[in-house]
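Working notes, structure below.
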Amino acid sequence: MEVKFEPKIVAFVCNWCTYTGADLAGTSRLKQQPNARLIRVPCTGRIDPVFIIKAFENGADGVLVSGCHPGDCHYNAGNFHARRRWIFFKSLLDFVGIDSSRLFFSWVSASEGKKWVDVINNVIDTVREKGPFNAYKKFNRENYKSDAELVSASKEDSKINSE
Amino acid sequence: MRIGVFTCHCGENIGKTVDCPAVSKAVADIPGVVHSEDYKYMCSDPGQNLIKQAIKEKNLDAVVVGSCSPHMHEKTFRKACSSVGINPYMVEIANLREHCSWIHDDIPSATQKALDLLRFAIERVKFNEALTPIKVPVTKRALVIGGGISGIQASLDIANSGFEVILVEKEPSIGGHMSQLSETFPTLDCSQCILTPRMVEVYQHPKIKLMSYSEVENVEGFIGNFIVKIRKKARYVKDELCTGCGLCFQKCPIKKVALSEFDEGLTTRPAMYVPFPQAVPNIPVIDKSVCTYFKNGKCQMCKKVCGRDAIDFEQQDTFIEENIGAIIIATGYKLYTIDKKPEGSIYEGYGEYGYGKYRDVINGLQFERIASASGPTSGEILRPSDKTVPKKIVFIQCVGSRDESKGFSYCSKICCMYTAKHAMLYKHKVHGGEAYVFYMDIRAGGKMYEEFVRRAIEEDGVKYIRGRVSRIYEENGKLIVKGEDTIAGLKVEIDADMVVLATAMIAQQEAPKLAQMLGVPYDKHGFLQEVHPKLRPVETSSGGIFLAGACHSPRDIPESVAMASAAAAKALVLFGSDVLEREPVVARVNESTCAGCFYCKKVCAYNAIEVKEIKDRQGNVLKVVAYVNSGLCQGCGTCNATCPSKSVELIGFKDDQIYAQIHAFAEV
């Protein structure tokens, strides 16, 4: 029997808006798909882009970053910093060969339990359609038997990119 | 590390969709976990005792609780653990209820997710460190910025509790807009009669230091420990010598040289003046820009007549530094300029209805002055142009309010009420006069407010017309008001003698500048922002800074007073303790790797990053590094994410802790 692909999603959420919004979805018993694992940070400003790369490297099929709406940041401006970072970071992801459409951003406030459910379900559905993110295996040195194999793999990559 | 894991069933809340015993059993095999058990109600007394007992018996040094959201019971479990000697910050919560059992139906996948969440928390707690809350001392003195009714109320409340207050007012006198008003709704109390005793009380209060004609120049520091620099503007009068006899400004030959600010431009004032006779303090100021002495060195009439030798033309602005524990902002509002774009303002003027073009089209505050017993007409309703009694008067509500195309999206809230009051005052004073009010909706929420408006309509016969005015123009000495009555579906034309515009209340122009200085957020209109619109309406996101009155949003006198008392109460809560305890979630710099690029300083919203010099024994500077002022740091972690060398880390959300969680994801 063929096993249906179930995506694995990491969601980096800020403590004050989205985490609390997800809490509200819980207290409102709003059902959602169980594919996401939330990692709580104080503010989206705290999210280092490396976190996202690391999440992909550790097998995430999709990553969601969600914080307070612009202007509503608990720390005044953290989400503005985050937003600026993503603009650069998305293009960097494409450049290094990670499909940037697997990375999602949203603003979900503490009062938007319903919106949270819509956002997370949409992320899960979209990634499910895209299929598993296998490219991450390339990041892991352990997946190459020898240095030579790693070098040739990376050469192949650069060939694809230059084409 | 010896970790104990405690999985809560939360009755059936978690247990129904998560197989708690299985989860508890599975996590027991994770390296580091030496104890794992599940229980029906972990937050109950027996549940907490279970944890305490396990800590003692198994000599645990970290605890993970799988339960409800950390926002719910993190404090409970931290407290329980610290009571038996575990540092409260060695406790981690996995959210198995709000983020798992309540939102999923499928038992196997919910159980798997619960296991993952616990695993994340276990891997994370391995990198936690024991922390102690930060203690900061509290200076028990308050600064109140703005001497209107809100500032006065807040100052009196704090001072009457026995703490010192410094009240800073930029104008020569306190009193604010309330001192300009004639009567107040809905009781028609005389505004000055109820306000001036309060003003005098402020002036005479031994705990209040009143600094009129002064402005806050700079604010440094943090909650409980602000250092505030105040500019005391030169009055050219020595306030310690002046008795307020008034001879100087009566004799000032440069009369009628400027429009009276207090009378909203309806009258003039001399170069030397007190804003109004009941001013507090009753000390005049010299308007340097129009005084002949300052222009060509002649005159000095005031100096000649002053019996106390209080005039000092050489006076300079002075700066005073004060140590402050709490700040209350009560800077109030101003009215929307409706003729042209005000200088330096981001707003266009309303540009309609002939304000500024026709002298008999005035705004609400100008009508207050006309109706006031202390006003230019001693309370007689006379129109500004020819000082005759207007037989027909038109009031227009929502000029600039609730009108995004020409003004602001918000409702100015007080205009419905004061327009009803104006119309009523007019009808009381001009018998046989006709009063018309153009309105969009009547918003009269408040005790006795709706009744007040009904009284204006039913008892005093004010004619309310639902609709907008399209145009006002002058014809044969009359102001022709063209509008529509949307209820009757008819065009309306009124040949009025005078028109009063209820213009929008807007934020003070300097409010955003002040807000930036204090690190307080403000909205797109320049109104200052509270932390939480429902539950923390007078606090700002900057600790120790509170809001009172119309600097926050349009509000009337009772609301401003209530807000001021609330802000004072919040300041007093702060003064109730000698030291403050804060969550130790703050950034920390690794000085050995910091390269001193100060990107962190650029992104910090709280000015918490300082420059620190590392010196050798001879005092030579070896290198310059970032230093985090933990009193100012609020723990957002933006610096941590920004630092190129990862030399600054947010304690409690360190890279190690988050990477541990991300790595744990590999096994999902």
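Do the sum for chain B: with -39,500 (n - 2.57) for every DSSP H run of n ≥ 4, divided by all residues, what is the mean residue ellipticity at 222 nm, to the nearest 500 deg cm²/dmol?
Working: 17 runs with 175 residues, N = 668.
Per the formula, -8000 deg cm²/dmol.
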Region B:217-227 - phi-based ³J(HN,Hα) in whole Hz, Karplus 6.51/-1.76/1.60, Gly and Pro as x:
9, 7, 10, 10, x, 8, 2, x, 9, 8, 10
Mind checking the angle between helix B:149-160 and chain B's longest principal axis? C-alpha axes, 0 to 90 degrees, to the nearest 10.
60 degrees
Averaged across A:77-83, how many Cβ atoms of other chains sit within 10 Å of each residue's Cβ atom?
4
5 Å is the cut-off here: which amide hydrogens, built 1.01 Å from N in the peptide plane, fall below it relative to B:SER470, excluding neighbours closer than 5 in sequence?
B:LYS482, B:GLY483, B:GLU484
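Over the whole of B:653-660, what's the average partner chain Cβ count within 10 Å per residue? Rounded to a whole number, please. Spell out each step's value before the answer.
Numbers: counts 6, 0, 4, 0, 2, 10, 5, 0.
For peptide B:653-660, the averaged partner shielding equals 3.
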Just tell me which lysines come within less than 17 Å, Cα to Cα, of B:LYS413; anything on the same chain fewer than 8 places away is out.
B:LYS334, B:LYS421, B:LYS447
Based on the alpha-carbon gyration tensor of region A:9-132 and its eigenvalue square roots a ≥ b ≥ c, which shape applies: rounded if a/c is under 1.5, prolate if not and a/b is larger than b/c, or oblate?
oblate
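Counting other Cβ atoms within 10 Å, keep those with at most 16, restrict to DSSP loop, and tell me which GluC sites (Glu not before Pro) in region B:373-476 are left. Present the calculation step by step, with values, prior to reporting the outcome.
On the way: sites: B:GLU380, B:GLU404, B:GLU434, B:GLU450, B:GLU451, B:GLU458, B:GLU459, B:GLU474, B:GLU475; in loops: B:GLU380, B:GLU404, B:GLU459.
Passing sites in region B:373-476 are B:GLU380, B:GLU404, B:GLU459.
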Amide H partners (placed H, <5 Å) of B:GLY148, local residues excluded
B:GLY175
Write out the trypsin sites (Lys or Arg not before Pro) in region A:43-130 meeting two conditions: DSSP loop, and at most 11 other Cβ atoms within 10 Å of their Cβ.
none
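Across the residues of B:624-637, average count of Cβ atoms on other protein chains within 10 Å? Working shown, then result.
Working: counts 0, 0, 0, 0, 0, 0, 0, 0, 0, 0, 6, 5, 17, 11.
Mean partner shielding for this stretch: 3.
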Report the antiparallel proportion of the DSSP beta bridges in the protein assembly as shown as a percent, rounded to a multiple of 5.
45 percent
How about B:LYS232: which lysines have a C-alpha closer than 18 Å to its C-alpha, ignoring those fewer than 8 places off in the same chain?
B:LYS170, B:LYS209, B:LYS288
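Out of the GluC sites (Glu not before Pro) in region B:565-668, which ones are loop residues according to DSSP with at most 14 other C-beta atoms within 10 Å? Before the final figure, lay out each step's value.
Working: sites: B:GLU581, B:GLU591, B:GLU610, B:GLU613, B:GLU649, B:GLU667; in loops: B:GLU591.
Taking region B:565-668 and a limit of 14 other Cβ atoms within 10 Å, the loop GluC sites (Glu not before Pro) found are B:GLU591.
Let me make sure I get this right: for the protein assembly as shown, a, b and c are the square roots of the gyration tensor eigenvalues over alpha carbons, sorted descending. Under 1.5 in a/c it's rounded, otherwise prolate if a/b > b/c, else oblate. Which is it?
Values: a/c = 2.31, a/b = 1.85, b/c = 1.24.
The shape class here is prolate.
Convert 20 °C to kelvin, take the viscosity as 1.002 mPa s, use the Kirkwood radius over C-alpha pairs of chain B as Rh, and evaluate the Stokes-Einstein diffusion coefficient in µm²/s, rounded to a whole number. It would help to have the intermediate numbers written out before the result.
Working: Rh = 29.5 Å.
In µm²/s, the coefficient is 73.
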Exceeding 30 Å between C-alpha atoms, which entries from my cross-link table qualify? They are A:LYS31/B:LYS58; B:LYS256/B:LYS303; A:LYS90/B:LYS513.
A:LYS31/B:LYS58; A:LYS90/B:LYS513
Going by amide H atoms built from the backbone, whose H comes under 5 Å of the H on A:GLY62, apart from near neighbours?
A:LYS8, A:VAL10
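Quick note: the coordinates plus some simple rules give every number you see, no bench work behind them. Note that the coordinates shown come from a computational prediction; the quantities given were computed from them, not determined experimentally. In this analysis, Cβ positions are derived from the backbone assuming ideal geometry, glycine residues included, and neighbour counts consider all displayed protein chains.
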